[in-house]
Amino acid sequence: MTYPTQPTASHFINGRYVEDRDGAPIDVIYPATGEVIGQVHSATPVIIDQALDAARSAQAAWAAMTGTERGRILRRAADIMRERNHDLSVLETYDTGKPYQETSVVDATSGADALEYFGGMAATLTGEHIQLGEDWVYTRREPLGVCVGIGAWNYPTQIASWKGAPALACGNTMVFKPSETTPLCALKVAEILHEAGAPAGVYNVVQGLGDVGAALVSDGRVDKVSLTGSVPTGRKVYAAAAAGIKHVTMELGGKSPMIVFDDADVENAVSGAILGNFYSSGQVCSNGTRVFVHKTIKEAFLSRLSERLATAVIGDPQDPDTSFGPMVSERQMGIVMDYIAKGQDEGARLVYGGKRLDKNGFYLEPTVFADVTDDMTIAREEIFGPVMAVLDFEDEDDVMARANDTEFGLAAGVFTRDLARAHRVAARFEAGTCYINTYNDAPVEAPFGGSKQSGVGRENSKAAIEHYSQLKSVYVRMGDLEAPF
Ligand code: NAD
């Protein structure tokens with residue numbers, strides 16, 4: 001099968017595509033059919049070396065450019081990404097299986113937003129002047145150096161751009177390793193950045209599994225590591241980065257709560273629950289998978305939810321009418337099916353879905369469990385698939401304690417018409433991103449990231465600049481200098 005905008009080799013290093021067939025092959029599998037649609041090769045030590053050397057060599061000259069010049073390149077890349085949105089969306093759909101209906105409005109578009117936002121900000125990055133009597137200090141905002149980005153498979157274009165844009169705006173260079181499950185899209189991000197004028201070596205992509213990621217993280221040429229992945233991987237990468245006292249950003253997993261109070265607009269709450277559980281077939285880190293619904297509206301909520309789920313168009317993800325696609329891989333589908341079986345074994349009430357669809361590809365039905373209790377496995381562990389757990393509650397204090405009773409802290413949502421309660425609940429949530437009467441928005445203007453074990457640092461917004469730059473203080477003495485002897 002051929003598809004538009006197919007990358008021409010496995011890696012992108014020093015401004016060009018590079019192939020090295022000595023690396024172990026990695027099949028690219030189209031989730032909608034299970035067919036192998038391409039192959040890349042894992043980076044060998046030689047390739048890893050080339051990529052890190054390229055990034056190291058390019059960094060000083062890139063940082064020496066003015067912010068305006070760097071920003072212009074990023075903004076040009078944003079324009080190219082938008083012009084090619086259709087082709088990039090088709091590729092994203094082949095890489096991930098997510099419906100074109102989603103990829104055409106979320107992936108390259110949000111990548112372009114990040115390039116445009118941080119491109120615009122590059123010229124505004126400054127230090128400050130601090131007066132100390134007649135002496136003074138000035139600070140210089142400097143890049144960290146070479147950054148390594150490591151991606152998950154659910155949003156390959158977005159993750160490659162969300163890490164690359166602020167890193168490059170601040171004068172760093174990057175070596176990005178996509179997930180082995182979705183290796184294609186990041187290559188297009190690199191290609192576009194270089195077409196837009198990024199000098200060779202500024203943004204590089206290498207393929208591979210965890211071993212390649214680990215080799216990058218522990219390399220002495222690397223100054224910062226930004227991972228999007230699961231908590232167990234986060235622990236390993238954080239520990240490896242700590243050995244070299246490297247800067248980190250960790251965007252990890254979640255088991256986020258969504259609370260629907262009895263005064264909520266039920267139709268909106270159902271929309272929030274659908275967006276927060278079934279978009280991208282549930283493969284979204286911030287999903288609100290523990291849906292606490294007030295007892296008095298539970299049955300109304302469940303019946304409306306089931307009615308609306310029955311209108312999901314499940315099928316060929318390249319068809320623009322399809323609104324629900326396959327899981328990313330057979331492996332992930334198996335993991336989710338095991339959780340569905342656990343939900344049934346532990347006594348949750350299956351109210352919708354629960355089965356694999358009888359067709360090629362890795363399709364599961366959108367699945368809803370009700371009467372879920374806090375101790376059940378499906379209420380405690382991140383499933384990363386289209387499985388919603390509905391739990392009952394009656395009292396605000398009680399539901400807050402239960403919502404926060406998790407090691408994760410990525411996101412949380414509340415549906416209510418009571419303004420004071422909405423803000424009180426948002427303040428009490430132990431989570432990095434909270435939603436009031438909406439769910440899963442992630443605009444580039446707002447900080448995004450987790451608290452507790454869901455992460456360290458923030459992506460997007462002005463906050464990301466703090467994670468891709470460092471301040472140098474320069475003390476300036478205007479008069480003579482006294483010393484004790
Ligand atoms: P994963 O943790 O299995 O892999 C993530 C990446 O880390 C992959 O590229 C993988 O090759 C690499 N990796 C694995 N072991 C490594 C090691 N020892 N050293 C360096 N790199 C290593 O995650 P996944 O299955 O690809 O993605 C799903 C997870 O990602 C979920 O937990 C989800 O919540 C999380 N996620 C978080 C966010 C966020 O922004 N917080 C966004 C998307 C996904």
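The values are calculated or read from the model by the stated rules, or taken from the named source; none is laboratory data. Because the structure is a prediction, the values reported are computed rather than measured. Glycine also receives a Cβ, built like all others from the backbone with ideal geometry; neighbour counts cover every protein chain displayed. Side chains included, ligands, DNA and RNA excluded: accessible areas come from the protein's heavy atoms. Shrake-Rupley method; radii C 1.70, N 1.55, O 1.52, S 1.80 Å.
Structure data summary
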{"item": "Selection within region 349-378 - open to solvent by 10 Å² or more (accessible area, probe 1.4 Å), among the aliphatic types (A, V, I, L, M) and in a loop (DSSP other than H, G, I, E, B)", "result": "Leu357, Met376"}
{"item": "Only one of Asp79, Asp27, Asp20, Asp49 that is in a loop (DSSP other than H, G, I, E, B) and surrounded by fewer than 21 Cβ atoms within 10 Å (Cβ to Cβ)", "result": "Asp20"}
{"item": "Filter pass, Pro386 being touching a strand residue (DSSP E or B) at 6+ places or on another chain (Cβ under 8 Å) and within 30 Å of His86 (Cα to Cα)", "result": "yes"}
{"item": "Single match in Lys295, Lys255 (criterion: open to solvent by 30 Å² or more (accessible area, probe 1.4 Å), of a type in the set (Lys, Arg) and at pLDDT 95 or above)", "result": "Lys295"}
{"item": "Members of region 266-289 that are hydroxyl-bearing (Ser, Thr, Tyr), open to solvent by less than 10 Å² (accessible area, probe 1.4 Å) and part of a helix (DSSP H, G or I)", "result": "Ser280, Ser281"}
{"item": "Residue check for Phe292: over 19 Å from Ile159 (Cα atoms) and part of a helix (DSSP H, G or I)", "result": "no"}
{"item": "Pairs where the first residue, in region 193-219, is at positive phi and the second is open to solvent by 30 Å² or more (accessible area, probe 1.4 Å) and more than 7 Å from the ligand (Cβ to nearest atom), C-beta under 6 Å, 6+ apart", "result": "Gly201/Asn14; Gly201/Ser57"}
{"item": "Among the candidates Ala32, Ala9, residue that is touching a Phe, Trp or Tyr at 6+ places or on another chain (Cβ under 7 Å), surrounded by 13 or more Cβ atoms within 10 Å (Cβ to Cβ) and modelled with pLDDT of 95 or more", "result": "Ala9"}
{"item": "Residue list for region 101-144, restricted to those being in contact with a His (Cβ under 9 Å, 6 or more places away or on another chain) and of a type in the set (Val, Ile, Thr)", "result": "Val137, Thr139"}
{"item": "Total residues in region 226-236, condition more than 6 Å from the ligand (Cβ to nearest atom), farther than 16 Å from Val206 by Cα and buried (at least 18 other Cβ atoms within 10 Å of the Cβ)", "result": "2"}
{"item": "Considering residues of region 118-154 that are among the aliphatic types (A, V, I, L, M) and outside any loop (DSSP other than H, G, I, E, B) only, the residue nearest to the ligand (Cβ to nearest atom)", "result": "Ile150"}
{"item": "Subset of region 205-225 [more than 15 Å from the ligand (Cβ to nearest atom) and either open to solvent by less than 10 Å² (accessible area, probe 1.4 Å) or among the charged types (D, E, K, R) (or both)]", "result": "Arg221, Asp223"}
{"item": "Checking Lys224 against (1) touching a Leu at 6+ places or on another chain (Cβ under 6 Å); (2) free of Cβ contacts under 8 Å to residues at least 40 places away in the same chain, the condition it does not meet", "result": "(2)"}
{"item": "Number of positions in region 249-260 that are more than 10 Å from the ligand (Cβ to nearest atom) and either among the charged types (D, E, K, R) or without any contact (Cβ under 8 Å) to a residue 12 or more places away in the chain (or both)", "result": "0"}
{"item": "Residue match in region 388-411 (condition: surrounded by fewer than 20 Cβ atoms within 10 Å (Cβ to Cβ) and on the phi > 0 side of the Ramachandran plot)", "result": "no"}
{"item": "Restricting region 167-186 to residues that are more than 14 Å from the ligand (Cβ to nearest atom) and outside any loop (DSSP other than H, G, I, E, B), the residue that is nearest to the chain's Cα centre (by Cα)", "result": "Ala167"}
{"item": "Strands (runs of 3 or more DSSP E) completely within region 395-485 that count 1 or more residues being closer than 24 Å to Met121 by Cα", "result": "433-436, 469-476"}
{"item": "Filter result (outside any strand (DSSP E or B), more than 21 Å from Ile26 (Cβ to Cβ) and hydrophobic (A, V, I, L, M, F, W, C)) within region 212-236", "result": "Val222, Val231"}
{"item": "Flag if Asp263 is open to solvent by 10 Å² or more (accessible area, probe 1.4 Å), near the ligand (Cβ under 10 Å from one of its atoms) and among the acidic types (Asp, Glu)", "result": "no"}
{"item": "Filtered residues of region 304-338 (kept if part of a helix (DSSP H, G or I), touching a strand residue (DSSP E or B) at 6+ places or on another chain (Cβ under 9 Å) and either open to solvent by 30 Å² or more (accessible area, probe 1.4 Å) or over 26 Å from Asn154 (Cα atoms) (or both))", "result": "Ser306, Glu330, Met337"}
{"item": "Members of region 237-248 that are surrounded by fewer than 23 Cβ atoms within 10 Å (Cβ to Cβ), within 11 Å of the ligand (Cβ to nearest atom) and under 18 Å from the mean Cα position of the chain (by Cα)", "result": "Tyr238"}
{"item": "Number of the exception - Ala114 against (1) assigned to a loop (DSSP other than H, G, I, E, B); (2) of a type in the set (Gly, Ala, Ser); (3) within 16 Å of the ligand (Cβ to nearest atom)", "result": "(1)"}
{"item": "Pick from region 63-76, criterion among the aliphatic types (A, V, I, L, M) and surrounded by 15 or more Cβ atoms within 10 Å (Cβ to Cβ), ranking: nearest to the chain's Cα centre (by Cα)", "result": "Leu74"}
